[in-house]
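Notes to accompany the following structure.
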Amino acid sequence: MGRKRLFFVILMILLTLCLGMGSLAGCSIKEGALPEKVTEITLWFWWDQEHEKRELRKLVEEFHHTQDEIQVKIRYIPAEDFKKRMALSMADDSMPDLAVLDSVDFQFLHAMQPFAELTEELEEWDAYIPQMMQSCAEDGKIYALPLGFSCSVLYYNEDIFRQHTLEIPQTWDTLYETALKLSDEEHGGFALPVLRKEESVFNFLPILWSGGGDIDHLDSEESRRAFSFLRRLAESGAMSRQVVNLTAGDLAIQFAEGNIAMMMNSSAMVNSIREYNPELHFKVAVPPAIDEKEGYVSAAGGAALLGVTKGEHQEEAIAFLRFVSEKDRILKHMDGFGFMAARQDVLAQQVLDDIQKQKVLEIAKTSQNRELSVKWPYISEVFAEVVEQEIIGEQEEAEILKEAAKKMREIRGEDL
C-alpha cells in the first residue's frame, strides 16, 4: 500500500471515530445540541391582517429560542372557513393542538368537543378582565387563555373633517347628515363591513343596541328603526352599497387610502391603518347613539382566545400557553397584534404612550359582549343576512324583518 493510500485510510478511520464517538479534541458534538425527540404541535388561526400574522410568527420563534423540544407549526385558515374546518377536524379526530378562537365561537365548538381544562395549569387568573373570562369559562372552570380584545369604534379622517369644518357625529341623524355631505367623487361619507360574516354583526350591533333593539326581536319597532337607518344610509348614497362586498380588512385599506371619510370597524384595525398609510391623520370615537339621551354603546370582540385540544400533545400545547401567558411576554407582543390586553395589569401599561389606544380603552368601557352561547353561530348568520339585505334594498323591510324574526324563534326553539 502506498503512503498516500495509507494516509487516506488512517484519515477516514479518525473521522469515523470522531463522528461516531465525539471523543476527539476539536471534533466533539456539543452535548444536548440535538435533542433525542422534537415534538411538533399545530396551531390554527384565522387572523387575516399582516401585522397579526407577523406578530404570531415572532411569538412562536421566540418560544423556539427558549427550548428545543417543542416546535409550533402555525396554519392560517380564513375566518369564513374556520368554524367549519374546526368542526370537521373534531368529527374526524384531526384537530390542531392549539386554536385561536373568537369568544362567540368558543361555546359552539366546546360543546362539540371539549377543550382541555386550564384552571390549574396556568396561574394569575385574577389578573384577567372578568368580561374576557366569561367567554372561556364553564361551571367555574377555564378552558382557554384570553390574550386580547377589541371593540367596535367609529373611525374618522381628521383632514377631511377639518377641510369641511365638521364636528364628529354623535347621533344617528348627525352621522347621516355628515356622511351625506362627505359623499362625493373623491370619497364615500361612511361605511361599515357588510360582507356576510361575523364582522358585519359586530359592527352593526352598537347601532341596534343604542336604539333599544335586540337580536330576539328583529321585527320590533326599536329594531326596525336601526335597520331603517341602515337602509336610509344606502339609499341616499351616504354609504355605498358596494360595502356588501368588503371585509373589515378591505374597508380598513379603503379608509387608509382616503377613499372613505368615516367607518365603523374593529379597534384592532388601528395598527393596519397605520401600516397601510403612516401619514394618515385619523382618530377613533364611540359609535353614535340614536340620540344623546340614550347613551352610547360598543360591541366587545373576544378576538384572541387560545384553546388546547385534549390528546397526545396536550402537555406540549400547555407548555406553549405558559410561555405566552407570562406578563412581560403579553406586554411585549400585544401592541403588535393590535389588541387590547386581556390582563388588566398589562392593559394599564399598554395604553400609556398611545393616545388612540387610550381612547379605545375609554370606548371599550361602554362595550357589551355578544351572546356567548352554543347557538350564536346560527343567530349571527341570520343577523348578517338581514344587514346585507337591508343595504341591497331589493325586498320590503317589513318582509325581511318578519322572516328573520321567524328564523330566530326557530333557532331558540320557540313556538311559532
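The values are calculated or read from the model by the stated rules, or taken from the named source; none is laboratory data. Everything numeric in this text was worked out from a predicted model, so none of it was measured. With ideal geometry, Cβ positions are generated from the backbone for all residues, glycine too; neighbour counts draw on all protein chains shown.
Of all helices (runs of 4 or more DSSP H) completely enclosed by segment 88-186, which ones contain at least 3 residues that are within 29 Å of Ser298 (Cβ to Cβ) and assigned by TED's automatic domain parsing to the domain that holds Ala252? Step through it out loud before you land on a result.
Details: elements: 103-112, 130-133, 158-163, 172-182.
Once the helices (runs of 4 or more DSSP H) in segment 88-186 are filtered for at least 3 residues that are within 29 Å of Ser298 (Cβ to Cβ) and assigned by TED's automatic domain parsing to the domain that holds Ala252, what remains is 158-163, 172-182.
Is it the case, given these coordinates, that Ala384 is modelled with pLDDT of 90 or more and in contact with a strand residue (DSSP E or B) (Cβ under 8 Å, 6 or more places away or on another chain)? Spelling it out, it is not the case that Ala384 is modelled with pLDDT of 90 or more and in contact with a strand residue (DSSP E or B) (Cβ under 8 Å, 6 or more places away or on another chain). Of all the criteria given as (1) of a type outside the set (Phe, Trp, Tyr); (2) modelled with pLDDT of 95 or more; (3) not assigned by TED's automatic domain parsing to the domain that holds Thr119, the one not satisfied by Leu195 is (2). Considering each residue of segment 290-313 in turn, at least one proves to be in contact with a Cys (Cβ under 8 Å, 6 or more places away or on another chain) and farther than 30 Å from Ala404 by Cβ. Number of residues in segment 93-137 that are of a type in the set (Asp, Glu) and surrounded by 21 or more Cβ atoms within 10 Å (Cβ to Cβ) equals 3.
Residues in segment 190-225 that are free of Cβ contacts under 8 Å to residues at least 24 places away in the same chain and either among the hydrophobic types (A, V, I, L, M, F, W, C) or in contact with a His (Cβ under 6 Å, 6 or more places away or on another chain) (or both): Leu208 alone. Within segment 154-176, residues that are over 17 Å from Pro288 (Cα atoms) and in contact (Cβ under 8 Å) with a residue 40 or more places away in the chain reach partners that are assigned to a helix (DSSP H, G or I) and among the hydrophobic types (A, V, I, L, M, F, W, C) with beta carbons closer than 8 Å, at six or more positions or on different chains, in the pairs Ile160/Leu182. Once segment 365-413 is narrowed to residues that are surrounded by 20 or more Cβ atoms within 10 Å (Cβ to Cβ) and of a type in the set (S, T, N, Q), the residue that is nearest to Val297 (Cα to Cα) is Ser367.
Pro146 - would you say it is surrounded by 18 or more Cβ atoms within 10 Å (Cβ to Cβ) and under 18 Å from the mean Cα position of the chain (by Cα)? Answer is yes for this residue. A search for C-beta distances below 9 Å between a residue of segment 52-78 that is polar (S, T, N, Q) and any residue that is part of a strand (DSSP E or B), counting only pairs 6+ apart in sequence or on different chains, returns Gln71/Thr39; Gln71/Glu40; Gln71/Ile41.
Can you go through Tyr76, Tyr128 and tell me which one is hydroxyl-bearing (Ser, Thr, Tyr) and modelled with pLDDT of 95 or more? Outline the logic, then answer.
Numbers: Tyr128 fails: modelled with pLDDT of 95 or more.
Answer to the check: Tyr76.
A single entry from Ile41, Ile77 fulfils the requirement of being more than 25 Å from Gln368 (Cα to Cα), of a type outside the set (Ser, Thr, Tyr) and touching a Phe, Trp or Tyr at 6+ places or on another chain (Cβ under 6 Å): Ile77. Considering (1) more than 21 Å from the chain's Cα centre (by Cα); (2) at pLDDT 95 or above; (3) hydrophobic (A, V, I, L, M, F, W, C); (4) assigned by TED's automatic domain parsing to the domain that holds Gly258, the lone condition that Ala285 does not fulfil carries the number (1).
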